[in-house]
Amino acid sequence: MYQIKIKFIGSIILTLFVLALGLPAMAVEYPTKPITLIILHPPGGSSDLSIRPLANAAKKYLGQPIICENMAGGGGTVGPTIVASKPPDGYTIGLMLRSSIVAWHMGKLNFHPIDEVTRIMTYTGFLEGIAVRADSPWKTIQEFIEYSKRNPGKVSYASPGVGTVAHLPMEELAIEAGGIQWVHVPHKGDAGTVPALLGGHVDAISATSAAWAPLVEAGKFRLLAIYIPQRSTRFPNVPTCKELGYNVVETCPLEIFGPKGMSKPIVEKLHDAFKKSLDDHDFQAVLKKLDMPLVYRNPEESDKIAREDFERYRKLVKKLGLDKTP
């Protein structure tokens, strides 16, 4: 009986030892099931259209599909909040914009967008600007601004939501132009702004090119100004706010991220898969169509720039009187 017990205990110890040796190999096998990627805007927006071909290309390097799910709302903060609440096992990742940083400073976010996430990769940015209907009386941004000054509270504009990186530049422009009182009509993502302008429910929209570019090229909308530092190659005749003397610049980096505490091997595997996919033909075609630049940053670079932007937005939100942090 004694020998049987010894053999039984020995077999248990051997089994545990084998399992322990197998743990690193199991970690290397990640992923062993589909990965969910949560998109912070509704279908049809720039973030949605840009990430889907990239995720589709990345699956061949991961050996598992990446399932994209749209979780819109909260000015682009609902999706990131869901991602931040998930286990850091690499099976739920998502997209995040600077709207989460803005929301934190406005007291509208329940996780810290710097310290409580794991950044995986920055892959692009946005072309954003101000557009009006083609039949509107404003031919230039200067005319739009002057009319708004003479008619406080009578000119309205739609944006993807309060605190988004399409809303804040517009309000910053109002300050830079000497104090304009616009009526802001927030929507859930870029897609909602287009019907509002087409239907005459607002006078203008501040949004990404995915919303207004097709209609500008179709002659239904008129693009008055853009927020990036230099003129767009797609719309070379449209001025930037900065060249007109307004200190309003927004590049809006789009990041892939996960919950806090993701292991380095998992982050590296995801990063490498997405980085290799940047050359994908379908992805490149979408970027060109949307006039979105390829902006690659690894996890460390993404974190560094995000921390710098955290301070920049803190000052801007406070300047606009939206600061609600303790």
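The values are calculated or read from the model by the stated rules, or taken from the named source; none is laboratory data. Owing to the predicted nature of the structure, the values given are computational and were not obtained by experimental measurement. Virtual Cβ from ideal backbone geometry, glycine too; neighbours counted across all protein chains shown. The protein model used for the area step is the full one, side chains on, heavy atoms only, and it has no ligands, DNA or RNA in it. Shrake-Rupley method; radii C 1.70, N 1.55, O 1.52, S 1.80 Å.
Within the range 160-184, how many residues are hydrophobic (A, V, I, L, M, F, W, C), more than 15 Å from the chain's Cα centre (by Cα) and open to solvent by 50 Å² or more (accessible area, probe 1.4 Å)? Total satisfying the criteria: 2.
The residues of the range 206-247 that are in a helix (DSSP H, G or I), over 22 Å from the mean Cα position of the chain (by Cα) and within 22 Å of Val183 (Cβ to Cβ) amount to a single one, Leu215. Within the option set Lys188, Lys269, being open to solvent by 50 Å² or more (accessible area, probe 1.4 Å), in a helix (DSSP H, G or I) and of a type outside the set (Val, Ile, Thr) holds for one residue only, Lys269.
Looking only at the range 97-136, which residues are among the hydrophobic types (A, V, I, L, M, F, W, C), over 22 Å from Ser50 (Cβ atoms) and over 17 Å from the mean Cα position of the chain (by Cα)? Of everything in the range 97-136, those that are among the hydrophobic types (A, V, I, L, M, F, W, C), over 22 Å from Ser50 (Cβ atoms) and over 17 Å from the mean Cα position of the chain (by Cα) turn out to be Met106, Val132, Ala134. Among the residues of the range 65-118, those that are among the polar types (S, T, N, Q), modelled with pLDDT of 95 or more and farther than 16 Å from Met262 by Cβ comprise Asn70, Thr81.
Somewhere in the range 168-176, is a residue assigned to a loop (DSSP other than H, G, I, E, B) and within 23 Å of Asn247 (Cα to Cα)?
No, because not a single residue in the range 168-176 is assigned to a loop (DSSP other than H, G, I, E, B) and within 23 Å of Asn247 (Cα to Cα).
Residues in the range 80-96 that are open to solvent by less than 10 Å² (accessible area, probe 1.4 Å) and in contact with a helix residue (DSSP H, G or I) (Cβ under 9 Å, 6 or more places away or on another chain): Pro80, Gly90, Ile93, Gly94, Leu95, Met96. Taken as a whole, the range 106-129 holds no residue that is on the phi > 0 side of the Ramachandran plot, free of Cβ contacts under 8 Å to residues at least 40 places away in the same chain and out of contact with any strand residue (DSSP E or B) (no Cβ under 6 Å at 6 or more places or on another chain).
Across the range 97-110, which residue is farthest from Thr193 (Cα to Cα) among those that are open to solvent by 10 Å² or more (accessible area, probe 1.4 Å) and of a type outside the set (A, V, I, L, M)? Checking each candidate, the answer is Asn110. For Asp279, indicate whether it is open to solvent by 20 Å² or more (accessible area, probe 1.4 Å), of a type in the set (D, E, K, R), under 24 Å from Gly63 (Cβ atoms) and free of Cβ contacts under 8 Å to residues at least 24 places away in the same chain. Yes. Residue count for the range 282-326 satisfying the condition of being surrounded by 15 or more Cβ atoms within 10 Å (Cβ to Cβ), assigned to a helix (DSSP H, G or I) and among the acidic types (Asp, Glu): 2.
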